[in-house]
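Structure first, commentary second.
A short reminder: the numbers here are calculations on the coordinates, not readings from a lab. None of these values were measured; they are calculated from a predicted model. Please note: Cβ atoms are built from the backbone with ideal geometry, for glycine as well, and neighbour counts cover all protein chains shown.
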Amino acid sequence: MSAILPPAASRIPASIRPVEYAVGVDRYLAEATLSGSSRRVYKISLTSWCWPLVGQRPPTGRFRRGAVPPVVPLALLDDRAARARLAVAVADRSGQADSRTVNRELSALRSAIGWWQDLGWISTDPTAGLRHSERAAEPPPALSPEQLAALWRSDASLREHAFWRLLYDSAAPAPAVLALDVSQLDLAAGRTKAPAGYGRPIAWTAGTSDLLGWLLAGRILGPVFLTGRRAPGRAAPADVCPLTGRARLSYRRAAEIFTAHTSALDPAGRGWTLHQLRSRRPK
């Protein structure tokens, strides 16, 4: 992951050195040849390194989005402690995300650091010697019966309990479950009416049918699992409930909610992943 940049020295005088890391990020992104969506991804990735640079752990799950980072001097990248702190952060992040995500975030930081060095804003590269993750982390273990019992007793919303139960019962991939429309469900039979998205019908227990029935509350069309707000104008019609105007729940948001909710149940405080909830042999 590398942005295509013009020669740094020809663009911005070296004397205009930003004091704050965040300002340095904004200057870097302003010069990068990136699409709007890629620029947003870079912004999130680069901002996430603020916390490790001052010896703090960045927020995780839904708390990561929109979190206000600490004020970090750009010159802190030249501090002798920066490399050790970033090494710990890379190892920590590798336990939370897949190797591709970790590699992408580290590459974004390396690209920005190289650009700042070209401008003379910093003199060292604290990522030098830090290795990209070369393989995916070992998959986390399936939730134990005790963990599942705690999850089912928790005070999550009806939508979450219905989604989690359906995911656990069926062992289907979360994206396939979130793609379900109400018209595809046969609640009496406890299964979808036809193969659903990944080649086979999705089946569930009678208790999950009850949860789904309460959740749908008479809806007969549209996505099964909805967000709590009206859909934006750019949403595809198939992803909008014609009755409420709300949008289909995305996988990213569903994963964030699950990890954030289960952080209180996890002794380590990190929360669990949806993959741990469906780590069973498909039926």
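Measuring spread by the Cα atoms of the chain yields a radius of gyration and Dmax of 22.5, 71 Å. For the chain, the longest principal axis of the C-alpha atoms and the axis of helix 82-94 are separated by about 20°. Each Cα pair under 8 Å and six or more residues apart adds its separation to the average, and for region 8-119 the resulting relative contact order is 39 percent.
Mean projected area of the convex hull spanned by the Cα atoms of region 159-227, taken over all viewing directions: 3.9 nm².
Taking every alpha-carbon pair in region 145-277 and binning the separations at 10 Å intervals from zero gives 12, 44, 34, 9, 0 percent.
If contacts are Cα pairs under 8 angstrom and at least 6 residues apart, what is the relative contact order of the chain in percent?
Result for the chain is 17 percent.
Based on Cα contacts under 8 Å between residues 6+ apart, region 160-283 shows a relative contact order of 26 percent.
Treat the count of other C-beta atoms within 10 Å as a stand-in for reagent exposure and order TRP49, TRP272 from fewest to most.
So the residues, fewest neighbours to most, are TRP272, TRP49.
Helical content of the chain, expressed as a calculated mean residue ellipticity at 222 nm, amounts to -12000 deg cm²/dmol (DSSP H runs of 4 or more residues, -39,500 (n - 2.57) each, divided by residue number, nearest 500).
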